[in-house]
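The values are calculated or read from the model by the stated rules, or taken from the named source; none is laboratory data. Predicted model only: the values in this text are computed from it and were never measured. Glycine gets a Cβ as well: all are built from the backbone with ideal geometry, and neighbour counts include every protein chain shown. Protein only, heavy atoms only, side chains kept; ligands, DNA and RNA dropped before computing areas. Shrake-Rupley method; radii C 1.70, N 1.55, O 1.52, S 1.80 Å.
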Amino acid sequence: MDPKPRSLPRRFLGGFWQGLDASRRVALNLLFLALVVGLLAAMVAGGPKVPSSGALVLDPKGDLVEQLSARSGQAILESVVSGPKEETLLKDLVDALAAAKDDARITCVYLDLNHMSGGGLGMTKLEDLRAALLDFKKSGKKVIAYADSYQQAPYYLAVTADEVWLSPQGLAFFDGLGRWRNYYKDGLDRLDIDIHVFRVGEYKSAVEPYLRNDMSPEAKEADAKWLNDLWSAWLRDVAAARKLKPEDIKGYIEHMGERMDALKGDTAKMALEAKLVDKLAYRDELRARMIALAGEDKKEKSFNQVSVRDYLEAKGGDRTGSRGSGDAVAVIVAKGEILDGKHPAGVIGGDSTAKLIRKARQDDKVKAIVLRVDSPGGSAFASEVIRRELVLARQAGKKVVVSMGTLAASGGYWISTASDEIWASPETITGSIGIFGMFPSLDRTLSRFLGVHVDGVGTTPLSGALRPDRPFKPEVGKIIQSAIDHGYEEFLSRVAEARKMSRDDVDKIARGRVWSGADALQRKLVDKLGGLTDAIASARQMAQLPKDSRVWWVEEEKTFPERFFAGLMKGQARIARVCGIEINEPEPPPVPAAVRMLGEELRGFGLLMKFNDPNGVYAYFPGEVW
């Protein structure tokens, strides 16, 4: 029997669906073909081009960092509340300036300081970039700096320029250095939350917010000392660059209100009269000046220019030294909090950082290792895992040199002890030799506010003793304090052995106290003052390597998805370049100050949640400044 014929509506719908499906396949094929053609065109066209005569544009965004943080899901979630954390890799800027110095195509540098963070960057990173700018100027090429307004950190770089420009509606505002924290004692008491703290060292201030409503006299004494050391360095360098005296800058800050009244609120004129800037000008006037220096790009109606990213890509080469041959100095960056286990870039994982050190140790071409430390510390256990790997490297005949960046305190100092030599900047924040542990009790909170009670049985007196919803037992506190005391003695012995000092002499400068690099040198906690370049040169000399021997930046190998998406983004940029399409990254929406402060506070609590030392023992210093 013949099948029953379909009705007209069904035949119509079936035909329509088949046509729609065919159209979908054609559209996808055309899209795929366009993508292939675009990629081929981009490959033929090659990467970005450097103009035959133009300016290198340095436009640092956000924070200057020793290592870019991985864009993890947690980081993205944190940025929703506290705002996105933009970062610029310091090495990119330094490498670009070094190459541009002898590149005839680069006639000058334009230093755009409108997108750089105003504070919290760390003096050592600013000093490294400042040194690179001054070295570039030895070529005789000019550096022009511009900002709509200057804050403290960007201005420190601006003064290296031959010409410092400011918008006529701009402001040069400096307020010195400070360290401010929130204290929670009253709030915790109101919520019936008990925080049990175990520490050694009256200067170990990381735990003070949970014990007090204000900063202890010991913490104020220590912080005031190193803050004044850093501020004196800022004043000295800025005043010298502007041919002023430090007292002139101090007077500008202290009498800003009076100056504003006299000039009827003209903040730009106030900066000009104080000789902090050379010229007040609008952006079109600045463009005209840059055209005179770098030539005109008539298509873009601006000056000939190339960004740092495009310049480095066009330059090519082996910037990490991984493809080179011959003996090498391996540089390993240890940046961020120290946590147990494996962690992405921007966090020092005990296992992941030890793996990088082991990789360098097992490479016969590596004769020396430079560990660049920029860390407030963290897990004592993870710190010891890293330190042990450095010990093995030295036993294998490798020279180990530590270069301290902005912050190498607590656990950051712990991992530095297994070295042949320690370098620090005079403005490095270091020391804080001390440890602590914390444990919260929420039983009263649950009972009072939720009516929740906990009861049960156990086989020993310690069963359930570490449950935060049960009352804390004093005998458990004795056990934890004993472990903390032992950990502190272990820390002292590590330092005493490494620095060839007695235990008691180390204890006198330890107790959790923080020092500037200059003070640390006087107290024999570091060997020499200088930056990363100095440390690398010293490592070469110690390993008897030529001055031009290879430097290998040892990094975690990217996963296939990371390599794929990185290549996809680069291909997209090349297609846009070939097609003449300008891709502008959208400006992140502004986050209200109150929301941002709340986000930072939540981030601080989130850090405590991330702390994962298996023994609950931490060597940590919260070193936020500005």
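Considering (1) touching a residue at least 24 places away in the same chain (Cβ under 8 Å); (2) under 22 Å from the mean Cα position of the chain (by Cα); (3) more than 24 Å from D534 (Cα to Cα), say which one H343 fails and leave the rest.
Of everything listed in (1) touching a residue at least 24 places away in the same chain (Cβ under 8 Å); (2) under 22 Å from the mean Cα position of the chain (by Cα); (3) more than 24 Å from D534 (Cα to Cα), H343 misses just condition (1).
Here is a yes/no grid of residues against (1) among the β-branched types (V, I, T); (2) free of Cβ contacts under 8 Å to residues at least 60 places away in the same chain; (3) under 30 Å from L450 (Cα atoms); (4) surrounded by 15 or more Cβ atoms within 10 Å (Cβ to Cβ):
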{"position": "R179", "(1), (2), (3), (4)": "no, no, no, yes"}
{"position": "Y184", "(1), (2), (3), (4)": "no, yes, yes, yes"}
{"position": "L188", "(1), (2), (3), (4)": "no, yes, yes, yes"}
{"position": "R199", "(1), (2), (3), (4)": "no, no, no, yes"}
{"position": "E202", "(1), (2), (3), (4)": "no, no, no, yes"}
{"position": "S205", "(1), (2), (3), (4)": "no, no, no, yes"}
{"position": "E208", "(1), (2), (3), (4)": "no, yes, yes, yes"}
{"position": "A219", "(1), (2), (3), (4)": "no, yes, no, yes"}
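Determine which single condition G201 fails, assuming it passes every other condition in (1) within 21 Å of A520 (Cβ to Cβ); (2) of a type outside the set (F, W, Y); (3) modelled with pLDDT of 95 or more.
Looking at each condition in turn, G201 falls short on (3).
Considering only region 375-385, I want to know if a residue exists there that is touching an Asp or Glu at 6+ places or on another chain (Cβ under 7 Å), open to solvent by 50 Å² or more (accessible area, probe 1.4 Å), more than 22 Å from I338 (Cβ to Cβ) and touching a residue at least 12 places away in the same chain (Cβ under 8 Å).
no
Give me the residue from region 291-332 that is open to solvent by less than 50 Å² (accessible area, probe 1.4 Å) and part of a loop (DSSP other than H, G, I, E, B) and, out of that set, farthest from E555 (Cα to Cα).
Here the answer is G295.
For region 117-152, how many residues are under 23 Å from P376 (Cα atoms) and in contact with a helix residue (DSSP H, G or I) (Cβ under 7 Å, 6 or more places away or on another chain)?
Number satisfying all stated conditions: 9.
Select from region 496-553 the residues that are in contact with a Leu (Cβ under 8 Å, 6 or more places away or on another chain) and part of a strand (DSSP E or B) and write down the one among them that is least open to solvent (accessible area, probe 1.4 Å).
S516
Mind checking which residues of region 221-239 are open to solvent by 60 Å² or more (accessible area, probe 1.4 Å) and in contact with a helix residue (DSSP H, G or I) (Cβ under 9 Å, 6 or more places away or on another chain)? Quick ask: steps written out before the conclusion?
Taking region 221-239 as the starting set, the residues that turn out to be open to solvent by 60 Å² or more (accessible area, probe 1.4 Å) are 221, 225, 228, 232, 236.
Selection gives K225, S232, R236.
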